[in-house]
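The values are calculated or read from the model by the stated rules, or taken from the named source; none is laboratory data. Owing to the predicted nature of the structure, the values given are computational and were not obtained by experimental measurement. Quick reminder, even Gly has a Cβ in these numbers, built from the backbone with ideal geometry, and neighbours come from all protein chains shown.
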Amino acid sequence: MRRIDLRSDTVTRPTAAMRRAMFEAEVGDDVYGEDPTVNRLQEVAAALLGKEAALFLSSGTQANQVAVLSHAGRGEEVIVEAESHIFYYEVAGIAALAACQARPVPGCRGMMDLDRVEAAIRADNIHFPRTALICVENTHNRAGGTVLPLEHLEELSGLARHHGVPVHMDGARVFNAAVALGRPVAEIAATADSVMFCLSKGLAAPVGSVLTGTKAFVERARRHRKLLGGGMRQAGILAAAGLVALDTMVDRLADDHANARALARGIASMDGLRVDLDAVQTNMVLFEVVDPAWDAASLVDGLGRAGVLCSALSLRKIRLVTHCDVSTEDVAEALDRIETVMTRGRR
């Protein structure tokens, strides 16, 4: 049976153009700053996001944690959205690596209420940690790939500037956000002091993320990357795929978004499953299992046996993610298999 892998957009395989570019990549020692392909990727990324400089790292988690280390000091506080990746999925790195305290603020579809953010910014008091950083995530993973509106980000940026606090954007899928909004990614990036994005998610490169910001910030980040063991040598072999990803894989994200909407509409029509269609804004579909015959884990297991791979996020919620290796035909086939599994479960 042909597998349809909807677990994540991290499961993509590099394109033929990426493999060719990796094979032919000109390389040097990047720790010495001598890898021409890495340098080119960093220049292209900085220009795309409208930032002064950029740094190639091995993963989004490493890039986020390097950003925290580069913005904040020991004993300081970092404001995060309560369901954000940097808080939820990065092994308490804010505490373990930066020795900072995370201050979670509840959000709606990934958006923190600005009054709550302002209330969380610490006053100057000997008893309090200093608020060193505000982190946002765009698109927001656990909210189902929702996009933070540009107006909201601009207001948050203004609030942060008023209080002298920098903003870091976990933009692992920020190109999905830009495509969904129909706006240049640089407009989104302009609302944050530093922005990281992943090459290895919707853009389908095999490895890597990029952290962008001012030249001074990126120099600090380079030192912290080395501290975390992230100084790669002939990394141009990896960066070459990233350059192809930026050149060829951004505009086609609209196809993934259309496939996700088709998946969501099909699931919404099925008895026992519930989906908020308004929240399906990019390449993710979160749906709730309301049929008492199933919970999320048992349905994920049943779908896996039927060749549809997906992920349980909670007792009742399941996530599907579309990507370049999932076609329109795959979406239709996945919906048929989901309906078949649900029907058999009721017998």
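Miscellaneous remarks
- Odd one out for Val78, checked against (1) touching a Leu at 6+ places or on another chain (Cβ under 7 Å); (2) under 20 Å from Ala160 (Cα atoms); (3) surrounded by fewer than 23 Cβ atoms within 10 Å (Cβ to Cβ): (3)
- Single match in Asp255, Asp336 (criterion: surrounded by 15 or more Cβ atoms within 10 Å (Cβ to Cβ), over 30 Å from Arg220 (Cα atoms) and not small (Gly, Ala, Ser)): Asp255
- In region 208-216 there is at least one residue matching the filter, namely being within 14 Å of the chain's Cα centre (by Cα), farther than 17 Å from Gly50 by Cα and crowded, with 22+ Cβ neighbours inside 10 Å.
- Test: residue in region 298-312 that is farther than 23 Å from Asp256 by Cα, modelled with pLDDT of 95 or more and in contact with a Phe, Trp or Tyr (Cβ under 8 Å, 6 or more places away or on another chain): yes
- Taking the criterion of being among the charged types (D, E, K, R), closer than 16 Å to Glu154 by Cβ and in contact (Cβ under 8 Å) with a residue 40 or more places away in the chain, the only residue of region 104-118 that qualifies is Glu118.
- Boolean, Glu52 is out of contact with any Ser or Thr (no Cβ under 7 Å at 6 or more places or on another chain), surrounded by fewer than 16 Cβ atoms within 10 Å (Cβ to Cβ) and assigned by TED's automatic domain parsing to the domain that holds His85: no
- Matching residues, region 64-84, being in contact with a Phe, Trp or Tyr (Cβ under 9 Å, 6 or more places away or on another chain) and over 9 Å from Pro104 (Cα atoms): Ala67, Ser70, His71, Glu77
- Residue ID - surrounded by the most Cβ atoms within 10 Å (Cβ to Cβ), chosen from residues in region 159-173 that are under 21 Å from Gly145 (Cβ atoms) and touching a residue at least 60 places away in the same chain (Cβ under 8 Å): Asp170
- Helices (runs of 4 or more DSSP H) lying entirely in region 131-191 (those with 3 or more residues that are charged (D, E, K, R) and more than 22 Å from Asp255 (Cα to Cα)): 150-162
- The set of residues in region 106-127 being within 18 Å of Ala72 (Cα to Cα) and either among the basic types (Lys, Arg) or crowded, with 18+ Cβ neighbours inside 10 Å (or both) consists of Val117, Ile121, Arg122.
- Residues being closer than 20 Å to Val280 by Cα and of a type in the set (Ser, Thr, Tyr) - total across region 294-318: 2
- The sole residue among Leu156, Leu150 that is in contact with a Ser or Thr (Cβ under 9 Å, 6 or more places away or on another chain), surrounded by fewer than 24 Cβ atoms within 10 Å (Cβ to Cβ) and within 19 Å of His71 (Cα to Cα) is Leu156.
- Residue in region 184-197 that is of a type outside the set (Ser, Thr, Tyr), surrounded by fewer than 24 Cβ atoms within 10 Å (Cβ to Cβ) and on the phi > 0 side of the Ramachandran plot present: no
- Test: Glu34 is in the same structural domain as Val167 (by TED's automatic domain parsing), at pLDDT 95 or above and either over 30 Å from Leu243 (Cβ atoms) or surrounded by 24 or more Cβ atoms within 10 Å (Cβ to Cβ) (or both): no
- Here the strands (runs of 3 or more DSSP E) wholly within region 248-347 that include at least 2 residues being within 19 Å of Asn141 (Cα to Cα) and in contact (Cβ under 8 Å) with a residue 40 or more places away in the chain are 284-289, 317-321.
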